Amino acid sequence: MKIMLADDEESIRILVEHIVTDDGYEFCYAADGVETLAVFEQEQPDLLILDVMMPKLNGFDVCSKLREQGETVPIIILSAKGDIVDKSVGFRAGADDYLVKPFSSLELSLRIEALLRWKTCKLSSVLLSETKDSYKIKDLEICFQSLEVKIHDKVVELTPKEYKILSYMASAPGEVFSREQLIAYVWGENYVGESTSIAVFVRKIREKIEDEPSKPKYLQTVWGIGYKLGER
């Protein structure tokens, strides 16, 4: 996979290049907003790290232009400004994540890994629903065509968002989904809100599909990270 950085600071370019190449990714680079659009079109990266304060065109505008063109590549905004107003502008421009300078090399590495995993799982979800009518785990069956969920062969009444959470996780049983990944998939990439709402939806889903909601065997918690769907 290829990671692209758009930043006019040479020190940031050197640091990020070391981080992504050490993690086994290819790397490409642009130094201003206009060049970013041209290099992006040529290189077609799998993820874009985008500085805000760049010559010719700022990062927020670059992000907006890419989204207007229909580009769905994961975008991490990199900025020295960390207040909620700036973050809101970034997310509303279409960013998937926002990292404040100075940043930890490990944190950037983990965020890149998480976004690329989310991109892969999102694609897997689409492919799975297109190639299979349903997915069954023990007594739980998720029907992609009829948009139904069955437990012990009986239809469970889920809300649209509850169904989206469960069917998305069915694309990769055993894979851990962070709260942020689930929010982005269900509410949209530009959603800015509390991740605690996911816990409420998980509780409601468990009450409908688990024999013992307090001891879930299907929708399981991975403490400190997120949730996973129990494997077959």
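The values are calculated or read from the model by the stated rules, or taken from the named source; none is laboratory data. Everything numeric here is computed off the predicted structure, so don't read it as measured data. Counting neighbours? That spans all protein chains shown, and the Cβs are built from the backbone with ideal geometry, glycine included.
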> What are the residues in region 160-177 that are without any contact (Cβ under 8 Å) to a residue 40 or more places away in the chain and closer than 21 Å to Thr221 by Cα, if any?
Replying inline: Tyr163, Lys164
> Cys63 is checked against (1) at pLDDT 85 or above; (2) at positive phi and fails just one. What number does that condition carry?
Replying inline: (2)
> Restricting attention to region 68-87, does a residue exist that is small (Gly, Ala, Ser), surrounded by 14 or more Cβ atoms within 10 Å (Cβ to Cβ) and closer than 21 Å to Trp187 by Cα?
Replying inline: no
>> Taking the condition of being in contact with a strand residue (DSSP E or B) (Cβ under 6 Å, 6 or more places away or on another chain) and under 23 Å from Ser11 (Cβ atoms), how many residues in region 75-109 meet it?
In response: 10
> If you check Ser146 against the conditions, is it over 17 Å from the mean Cα position of the chain (by Cα) and among the small types (Gly, Ala, Ser)?
Replying inline: yes
